[in-house]
Amino acid sequence: VGSEGMNHGWNAVYDGTNWYYIDVTWDDPVPDQGNQAQSTYFWKSEEAFFCDDAHKLSEQERLQMKEIIHRFF
């Protein structure tokens, strides 16, 4: 999934039943957190992933994402 406005992308993963979102970039280890990887944006439902406005899609991008999901799954 990509956001032109954010110039950033993340993954949408289907487990056979539900869709989950993963952003490994934003969960990278950072020195000020003891070099430990985070799981803030790992395997989150759509509601949980987008709830804090850290990831933003335009309405057009959101519709495109939904169209792709419905077309193939």
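The values are calculated or read from the model by the stated rules, or taken from the named source; none is laboratory data. Everything numeric here is computed off the predicted structure, so don't read it as measured data. In this analysis, Cβ positions are derived from the backbone assuming ideal geometry, glycine residues included, and neighbour counts consider all displayed protein chains. Protein only, heavy atoms only, side chains kept; ligands, DNA and RNA dropped before computing areas. Shrake-Rupley method; radii C 1.70, N 1.55, O 1.52, S 1.80 Å.
Neighbours of residue 18, meaning other residues whose beta-carbon lies under 13 angstrom from its beta-carbon, give a summed charge of -2 when Lys and Arg score +1 and Asp and Glu score -1. Plainly put, the chain has a radius of gyration that is 1.00 times its Kirkwood radius, both from alpha-carbon atoms, as the Rg/Rh ratio. Think of it as helices only: each DSSP H run of n ≥ 4 in the chain is worth -39500 (n - 2.57), and spread over all residues that comes to -7500 deg cm²/dmol at 222 nm. Near residue 1, once Lys and Arg are set to +1 and Asp and Glu to -1 for all other residues with Cβ below 12 Å from its Cβ, the sum equals -1. Per residue, the average separation of C-alpha pairs within less than 8 Å and at least 6 apart gives the chain a relative contact order of 27 percent. Tell me the label-point distance for the pair residue 17, residue 60, using the 7 Å Cα-to-Cβ offset, in nm and rounded to one decimal. Between residue 17 and residue 60, the label points sit 3.7 nm apart. Relative to the dominant Cα principal axis of the chain, helix 59-72 is inclined by about 70°.
Taking a probe of 1.4 Å, how large is the accessible area per residue of the chain, in Å²? Walk me through the intermediate numbers first.
Values: 5180 Å² over 73 residues.
I get 71 Å² per residue for the chain.
For 63, 57, the ranking by accessible surface with the largest value first comes to 63, 57, using a 1.4 Å probe. Expressed as a whole percent, the accessible surface of the chain that belongs to carbon and sulfur atoms is 49, based on a 1.4 Å probe. For the pair residue 36 and residue 8, label points projected 7 Å from Cα toward Cβ lie 2.2 nm apart.
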